[in-house]
Amino acid sequence: MEIDTAALIRYDLCHESESDLLLGSLQTLYNNEEQFGEQVLGGQQWERYRFEGDLQLTDDSLGVFDSVKTFVSFETRHLIDAVTVAELSEEQVKEIEEEEANRTQYVIDDLAEQLSGVAEKIPTVAPTDFNRQPIQFYVEPPEAQQVFGDSGDVSDELLAQFLEENREELSKIHYGIDHQQSLLNGEDLIAPQGTAFPWGKLTVFNLTSPPESETDFEPIWLRRLRPPFVFS
């Protein structure tokens with residue numbers, strides 16, 4: 001099973017009273033900032049920010065990623081969403097594909113831990129301890145998986161077959177098919193990375209390999225993952 005896109009996503013929440021501190025901290029961390037805004041019906045204004053470029057961290061640990069961006073949204077009452085996305089380089093993806101399945105979890109965990117370098121610099125209320133960090137590992141294959149029935153919906157039988165046949169390959173991306181699993185938006189499989197910490201880090205595996213596209217603000221696949229998760 002090949003990987004086309006792989007990214008680590010960290011979700012942070014900040015109180016609106018800390019907005020100046022949050023934006024100021026991100027302006028210090030990154031060398032590029034873009035602001036997005038629009039006047040909507042009723043006279044209200046929404047605003048978003050995207051920070052990207054070379055991170056100004058003392059240990060330069062995040063320089064290993066292909067790119068790192070933080071998206072800031074003022075959409076939740078009294079809370080500010082700060083989402084940091086680190087897209088893995090070709091070398092990092094290759095290491096995961098070629099490493100033994102019982103070793104890749106350490107590779108992914110080490111990369112995920114590096115995102116705490118951003119969280120430690122902003123006024124977040126989200127957990128930063130290792131096992132409870134709100135982090136997703138998103139993986140997109142180059143081709144759609146053969147799990148869809150004639151109706152276009154995911155077939156339970158085909159999905160079960162796919163999971164069993166790709167058990168070892170999925171374990172390489174820290175996706176355990178024996179863990180609790182959910183299907184989001186009919187195309188993203190989600191499982192916690194460990195049974196002992198089900199509300200910590202998650203792996204998200206896309207089944208459809210959607211066309212590469214991006215809004216003015218953020219990637220389409222990131223927008224898809226914004227709804228809250230409900231584990232079944």
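Data table
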{"item": "Modelled FRET efficiency - R0 25 Å, Asp66 with Thr195, Cβ distances, 0.05 increments", "result": "0.20"}
{"item": "Spatial extent of the range 132-197: Rg and Dmax, with the Cα atoms as the point set, Å", "result": "12.4, 40"}
{"item": "Near-label residues of the range 174-194 by backbone N, under 16 Å of a point 7 Å along Cα→Cβ of Ala144", "result": "185-189"}
{"item": "Hull volume in cubic angstrom per residue (convex hull over the Cα atoms of the range 80-154)", "result": "152 Å³"}
{"item": "Rotationally averaged projected area of the chain (alpha carbon convex hull; nm²)", "result": "13.8 nm²"}
{"item": "Gained length - Gln27 relative to Ser89, 0.36 nm times residue gap less alpha-carbon distance", "result": "19.9 nm"}
{"item": "Sites Ser19 and Asn166 - FRET efficiency at Förster radius 35 Å, r taken between beta-carbons, to 0.05", "result": "0.20"}
{"item": "Two-site FRET efficiency, Gln180 against Arg77, from Cβ-Cβ distance with R₀ of 35 Å, rounded to 0.05", "result": "0.70"}
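A short reminder: the numbers here are calculations on the coordinates, not readings from a lab. Note that the coordinates shown come from a computational prediction; the quantities given were computed from them, not determined experimentally. With ideal geometry, Cβ positions are generated from the backbone for all residues, glycine too; neighbour counts draw on all protein chains shown.
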